[in-house]
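Below are the structure tokens for one structure; questions will follow.
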Amino acid sequence: MDHCKIIHIDMDAFYASVEQLDNPELKGKPVAVGGNSQRGVVAAASYEARKFGVKSAMPSAKAAKQCPHLIFVPPRFPRYKEISYMIREVFFEYTDLVEPLSLDEAYLDVTENKIGLNSATLIAKEIKQKINERTGLIASAGISYNKFLAKTASDMDKPDGLFVILPDEAEDFVAKLPVHRFHGIGKVTAEKMVKAGIFTGKELRLKSLEDLKLRYGKSGHYYYNICRGIDNREVQPVRETKSVSAERTFDRNLYEMEEIMDEVDRIAKISFQRYRKSKVSNGHTITIKIKYGDFRQITRSKTSEEGINTEDQFVKMGLSLFSEELISEEGIRLIGVGISNFAKDEPADVSPQLTIDF
């Protein structure tokens, strides 16, 4: 059977590693990017901080309690983007089939590649080495014949990992894999599976397609395939932008309508500028996101039949979605404003690739 050759590259603790790279005084110390010891959310944590249980998306106050000597640094996204572009330049030296998932990770299809190397594993080693030489940062790589297995592999031996799942090893590997380590199975779903007696891919494979669809809806079909090592998704070098947004977490909770509306206006304008600079246009739906002091979160949306392409339209719709009834006694800690439901463009043509040996 012929197989594609997919590499998943994932930078190790990317934001925190960039901060440690640029400020040598932070090397070897627990670092959290984002927030402070009183409020906010951790965007990234160094491996030294992770030893104390500090994780991304964790409330900063909780992180500070778990690691009293945690060093908080503000995020510098222009710098992260700068390095991300340098990393992607390395990818394009080997293949044009690069699908970025975020600033710090991407899929690469190297079935056919620019240097004519038959081994995806050797290509991954070269990529890791070049990234380190050019940026001073460490990447982990997963190599396999589809996206699910490649992404799973990249997480197996972090940091500085290089893990290969060969076609004839995949079935046994997935059978032993705990469900919480399956990419695409979230924490809540994994807990439900464990309660239902599904601990690993082996138990998941015993469930019929009908049973999984009944239990987990549309995701059931995906779970049925991945526990058998099946994932037919191609590496898509052009990812469709589903939404453009901006949000802000405040230094203190907001309670007053006038102050809140000023912030909605300001954030909507920032969001519109991002929308104007993006490759999408003619969005139809405006959404506001509100997170309260108790971390409860709601969204409100409004759709216009006409495309929204001026700042005035954008901001007015954003402001119209907010009303006094949305103010709560806990106060508002975060507001976001975004646009989605864009005019459809023609999908990118991604041709199937020839197969070579690992």
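The values are calculated or read from the model by the stated rules, or taken from the named source; none is laboratory data. Keep in mind it's a predicted model, so treat the numbers as computed, not measured. FYI the Cβ positions are ideal-geometry reconstructions off the backbone, even for glycines, and counts take in every protein chain you see. These accessible areas exclude ligands, DNA and RNA; they are computed on the full protein's heavy atoms, side chains included. Shrake-Rupley method; radii C 1.70, N 1.55, O 1.52, S 1.80 Å.
Considering GLU234, GLU247, GLU263, which residue is touching a residue at least 24 places away in the same chain (Cβ under 8 Å), in contact with an Asp or Glu (Cβ under 8 Å, 6 or more places away or on another chain) and acidic (Asp, Glu)?
None of the other options fit; the residue is GLU234.
Within segment 248-278, how many residues turn out to be open to solvent by 40 Å² or more (accessible area, probe 1.4 Å) and among the aliphatic types (A, V, I, L, M)?
3
Out of segment 303-318, which residues are open to solvent by 80 Å² or more (accessible area, probe 1.4 Å) and in a strand (DSSP E or B)?
Once the filter is applied, which keeps residues that are open to solvent by 80 Å² or more (accessible area, probe 1.4 Å) and in a strand (DSSP E or B), segment 303-318 yields THR303, GLU305, GLU306.
Now for a different question. Just the residues that are closer than 22 Å to ARG248 by Cα and either open to solvent by less than 70 Å² (accessible area, probe 1.4 Å) or free of Cβ contacts under 8 Å to residues at least 12 places away in the same chain (or both), please, taken from segment 284-296.
THR285, ILE286, THR287, ILE288, LYS289, ILE290, LYS291, TYR292, GLY293, listed by residue number.
Which of the following residues is at positive phi and either touching a helix residue (DSSP H, G or I) at 6+ places or on another chain (Cβ under 7 Å) or not in a helix (DSSP H, G or I) (or both): PHE272, PHE295?
Matching residue, one of PHE272, PHE295: PHE295.
Determine which member of the set SER245, SER281 is within 30 Å of LYS147 (Cβ to Cβ), open to solvent by 40 Å² or more (accessible area, probe 1.4 Å), polar (S, T, N, Q) and part of a loop (DSSP other than H, G, I, E, B).
The match here is SER281.
I need every pair where a residue in segment 94-118 that is more than 10 Å from ILE7 (Cβ to Cβ) has its Cβ under 8 Å from the Cβ of a residue that is at pLDDT below 90 and of a type in the set (A, V, I, L, M, F, W, C), sequence separation at least 6 or different chains.
Hits for this filter: LEU97/VAL350; THR111/LEU354; THR111/ILE356; GLU112/LEU354; GLU112/ILE356; ASN118/ILE356; ASN118/PHE358.
Taking LYS207 as meeting all but one of (1) surrounded by fewer than 18 Cβ atoms within 10 Å (Cβ to Cβ); (2) touching a residue at least 12 places away in the same chain (Cβ under 8 Å), write down the number of the exception.
The failed condition is (1).
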